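Only one structure is covered here, and it is reproduced in the block below.
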Amino acid sequence: IRADIRALRADVVHYPANVGSVFPLRNMVLTIHDMTFFLHPEWYSRERALYYRWAVGRSAHHAARIIAVSQATANDVSEILKISPDRIEVVNQGADERFAPATEIEHAAARAKYNLPGRFVLYYGTIEPRKNLERLIRAWSSIADKIDHHLVIAGRTGWKTKPIADCADRSPHRARIHFPGFIADDDLPSVIGAADVVALPSLYEGFGNAIQEGMACGVPVLTSNNSSMPEVAGGAAVLVDPLDVESIADGLRRLLEDSALRAGCIARGTVRAKQLSWTKTAEGALRVYRQVAGG
């Protein structure tokens, strides 16, 4: 593996002719969640990006079938790895049934446990560059004087996070920006439900689970207009340009101030969330496995 990694160049991935000797399974089904290591290697350490480009590339070219979690990811796999779309099956992810509107008592308990403010915009997930948190902080900061809502950035600390922390520290409203850390799975629906908006203005997502989970919890969602996010949102979220701070700020302001827009997003989001389920995911995956296994 080390020899192959050394052979990689920043813009080219080589697939040796003897790939079968590395991956001897002939009926392998490979699931690919995203292609960030190919599209944005700068978000990771060089070694990590090179390894995953090598591993995903070799696996994809050997696999009998590939499952992509969104059509956007399927398109990326086909274009980047030069794989026929006929070998790729789109099987969307789902959200657990526990993601549902919580009670006010559950909201209050979540606020107390994680020391959350009364009204807030919520991001949750790994804290890392591709989540675009610096622009989210700047966008929220630009309208903070006009709204009562705090900004909560919840999740595990990932990699290359210092610029995000520095951006928060530079905000004139730093006291209203909260980093509660990791939210336990059992508490997540209550924390989401306590928020006024779920914000996921990522630079790239292979699927974007927070979109569906936020909608399932009855909270309006703001997300990006690129990669898989419009596909997952299905017309039920406010889409913004993730590279434009003003676009993010305007989307937040509209969701927080326009009651008709909020109500529409919540209603459409409830319907959209139900269209995506782990049962459908399992059925789709099983269908692919059966095809590869010959029935």
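The values are calculated or read from the model by the stated rules, or taken from the named source; none is laboratory data. Everything numeric in this text was worked out from a predicted model, so none of it was measured. All Cβ positions, even for glycine, are placed from backbone atoms using ideal geometry, and neighbour counts span all protein chains on display. Each accessible area value is taken on the protein alone, full model and side chains, heavy atoms only, with ligands, DNA and RNA left out. Shrake-Rupley method; radii C 1.70, N 1.55, O 1.52, S 1.80 Å.
Say the dipole of the chain comes from +1 at the beta carbon of Lys and Arg and -1 at that of Asp and Glu; which of P201, L255, I143 then lies farthest toward its positive end?
It is P201, whose Cα lies furthest towards the positive end.
Given Cα pairs under 8 Å that are at least 6 residues apart, what percent is the relative contact order of the range 96-196?
41
Just to confirm, what accessible area per residue do you get for the range 238-295 at 1.4 Å probe, in whole Å²?
Dividing the accessible area of the range 238-295 by its residue count gives 57 Å².
Take every DSSP beta bridge with both residues inside the chain and express the antiparallel ones as a percent of the total, to the nearest 5.
Roughly 5 percent of the DSSP beta bridges within the chain come out antiparallel.
Relative contact order for the range 57-140 using alpha-carbon pairs under 8 Å, separation at least 6, rounded to a whole percent?
Relative contact order for the range 57-140 comes out at 20 percent.
If only Cα atoms are counted, what is the Rg of the range 114-230, and what is its Dmax, in Å?
Looking at the range 114-230, its Cα Rg and Dmax stand at 13.1, 34 Å.
Only loop residues by DSSP count here, and only those with at most 16 other Cβ atoms within 10 Å; note down the GluC sites (Glu not before Pro) in the range 84-114 that meet that.
Sparse-neighbourhood loop GluC sites (Glu not before Pro): E97.
Take the chain, connect every pair of alpha-carbon atoms lying under 10 Å apart with a spring to form a Gaussian network, then pick out the residue of E134, E205, E47 with the largest mean-square fluctuation.
E47
Taking amide H positions as placed 1.01 Å from N in the peptide plane, with prolines and chain starts having none, which residues 5 or more places from R119, or on another chain, fall under 5 Å of its amide H?
H150
Pulled fully out, how much extra length does the chain show between T161 and D186, if you take 0.36 nm times their separation in residues and subtract their Cα-Cα distance?
6.4 nm
Determine how large the accessible area of F120 is when every protein chain is in place; take a 1.4 Å probe and give Å² rounded to the nearest 10.
Counting only protein heavy atoms, F120 exposes about 0 Å² to solvent.
Quick query: amide H of S224 versus all other amide H atoms, modeled in the peptide plane; which residues come in under 5 Å with a sequence gap of 5 or more or a different chain?
Residues meeting the amide H criterion: S202, V240.
So which lysines can K113 reach, going by Cα to Cα under 27 Å and dropping same-chain residues fewer than 8 places off?
Straight-distance partners of K113: K131, K162.
Collect residues whose amide H, placed 1.01 Å from N in the peptide plane, falls under 5 Å from the amide H of G125; neighbours closer than 5 in sequence don't count.
HN-HN under 5 Å from G125: A154, G155, R156.
Can you figure out the FRET efficiency of R253 with H173, using R₀ = 25 Å and their beta-carbon distance, to the nearest 0.05?
0.95
What is the magnitude of the charge dipole of the range 107-148 about its Cα centre, with +1 placed on the Cβ of each Lys and Arg, -1 on the Cβ of each Asp and Glu, and no other charges, expressed in debye to the nearest 20?
100
Connecting C-alpha atoms closer than 10 Å in a GNM of the chain, tell me which of P101, P117, P85 has the biggest fluctuation.
Of P101, P117, P85, the most mobile in the Gaussian network model is P85.
Where is the GNM fluctuation largest for the chain (alpha-carbon springs, 10 angstrom cutoff): I67, I164, I192?
I164
Treating only the Cβ atoms of Lys and Arg (+1) and Asp and Glu (-1) as charged, compute the dipole magnitude of the chain about its Cα centre; round to the nearest 20 debye.
Value, rounded to 20: 740 debye.
Measure off, as a whole percent, the carbon and sulfur share of the 1.4 Å-probe accessible area of the chain, all protein chains present.
51
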